[in-house]
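Peer 1: A single structure is presented below for examination.
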Amino acid sequence: MSRFIRGRPLLSFFLLAYGLTWLFTVPWMLSRRGILSFDIPHAWEVLAAFGPLAAALIVARMIDGGEGMRAILKSLVHWRVGWFWFLFTLLTPLLLLLIAIIITATTTGALPDFQTDSTRALLTFAGLFDLLIVSGFIQGLGEEPGWRGFALPQLRQRFGPLAATLYLFPVWLCWHLPTFLARPNFGLIEWMGFSLGILSAAVWLTLIWDATNSLLMAVLWHELINVCRNIALAVSTPLFLAIGNAVLLGAMAIIIYWLVKKPGAEAREAVPQ
């Protein structure tokens, strides 16, 4: 087993991330769909979010010893990234939400109504906990040390930012599959929209990782974009679709930037700091 992990660290990480997460999400999905005759608590989905983090630490420990684990953990508190990228990480999700509000107001002729039952529910203790901690912080902390802290640096050693992102995208997308299928009201159209959202976020996160080598920045952006998307969804479907389009347009601008910048900057040595 250790020889396999050392020889194929990226594949080993992918297999472990899927295995550790799906160990929780597949039974939970079967329970939600009534295939299992007993209920499995929602907490299983929360625990499943830490699959990539655990997989990254295990594989890093196997190939680089304690230093590999410490590099990932050190990057989780790496905040000295320069004022521009610090503000970029914190403010772009809020800017994207603002752009979505403007788009919605322009297309519908009225500002979105933030006084819906769903938005009021977000202001309760349970609503804020789910918005900020469960769907925000926990998902960012559980996922990013794996996808951006371990997998992306491995890919960036061999590929440019666009190719590395496109390589990682389907793996990150399909990792969510049991969680997606646990919601019976979601179908093919929702999966296509979800896929575009994951691809767009992957582009943004590659840009942030390349610029900062900071898992903390990746976790914060992941958390904030999830929070903004969930706020938009609570307000209205048009606002949720608008923020998705804003994130997608931003991702397209990043891709254009990658394509036109000088070729010599494509692949590089990228390690957690």
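The values are calculated or read from the model by the stated rules, or taken from the named source; none is laboratory data. Note that the coordinates shown come from a computational prediction; the quantities given were computed from them, not determined experimentally. Glycine gets a Cβ as well: all are built from the backbone with ideal geometry, and neighbour counts include every protein chain shown.
Peer 1: Under 9 Å by Cβ, and 6 or more places apart or on different chains, what pairs join a residue from the stretch 6-18 that is touching a residue at least 12 places away in the same chain (Cβ under 8 Å) with one that is among the hydroxyl-bearing types (Ser, Thr, Tyr)?
Peer 2: Taking only residues 6 or more apart or on different chains, the pairs are Arg6/Ser12.
Peer 1: While we're on this one: Against the condition surrounded by fewer than 18 Cβ atoms within 10 Å (Cβ to Cβ), closer than 19 Å to Leu233 by Cα and β-branched (Val, Ile, Thr), how does Thr107 come out, does it pass?
Peer 2: yes
Peer 1: While we're on this one: Do you know which of the residues in the stretch 178-193 that are crowded, with 16+ Cβ neighbours inside 10 Å and assigned to a helix (DSSP H, G or I) is farthest from the chain's Cα centre (by Cα)?
Peer 2: If we take residues in the stretch 178-193 being crowded, with 16+ Cβ neighbours inside 10 Å and assigned to a helix (DSSP H, G or I), then Leu181 is farthest from the chain's Cα centre (by Cα).
Peer 1: Look through the stretch 221-267, keep the residues that are of a type outside the set (A, V, I, L, M) and surrounded by fewer than 14 Cβ atoms within 10 Å (Cβ to Cβ), and return whichever of them is modelled with the highest pLDDT.
Peer 2: Ranking the qualifying residues of the stretch 221-267, first place goes to Tyr257.
Peer 1: Another question, then. Pick out, from the stretch 1-120, the helices (runs of 4 or more DSSP H) lying fully within it that include 1 or more residues that are modelled with pLDDT of 95 or more and within 18 Å of the chain's Cα centre (by Cα).
Peer 2: 9-32, 51-64, 83-108
Peer 1: Turning to a different aspect of this structure: Just one of the numbered conditions (1) over 12 Å from the mean Cα position of the chain (by Cα); (2) small (Gly, Ala, Ser); (3) crowded, with 18+ Cβ neighbours inside 10 Å is not true of Gly142; which one?
Peer 2: Evaluating Gly142 over (1) over 12 Å from the mean Cα position of the chain (by Cα); (2) small (Gly, Ala, Ser); (3) crowded, with 18+ Cβ neighbours inside 10 Å leaves (1) as the failure.
Peer 1: Let me ask another. Is it the case that some residue within the stretch 190-206 is modelled with pLDDT under 95 and among the acidic types (Asp, Glu)?
Peer 2: Within the stretch 190-206, one or more residues are modelled with pLDDT under 95 and among the acidic types (Asp, Glu).
Quick grid of which residues meet (1) touching a helix residue (DSSP H, G or I) at 6+ places or on another chain (Cβ under 6 Å); (2) touching a residue at least 24 places away in the same chain (Cβ under 8 Å); (3) at positive phi; (4) among the basic types (Lys, Arg):
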| position | (1), (2), (3), (4) |
| --- | --- |
| Phe88 | no, yes, no, no |
| Ile101 | no, yes, no, no |
| Thr108 | no, yes, no, no |
| Gln115 | no, no, no, no |
| Phe129 | no, no, no, no |
| Glu144 | yes, yes, no, no |
| Trp147 | yes, yes, no, no |
| Phe159 | no, yes, no, no |
| Pro170 | no, no, no, no |
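Peer 1: Check whether at least one residue in the stretch 209-224 is free of Cβ contacts under 8 Å to residues at least 60 places away in the same chain, at negative phi and assigned to a helix (DSSP H, G or I), and report yes or no.
Peer 2: no
Peer 1: Need the failing condition index for Ser37 against (1) among the polar types (S, T, N, Q); (2) loosely packed, with under 13 Cβ neighbours inside 10 Å; (3) closer than 25 Å to Leu181 by Cβ; (4) in contact (Cβ under 8 Å) with a residue 60 or more places away in the chain, just the number.
Peer 2: The one condition Ser37 does not meet is (4).
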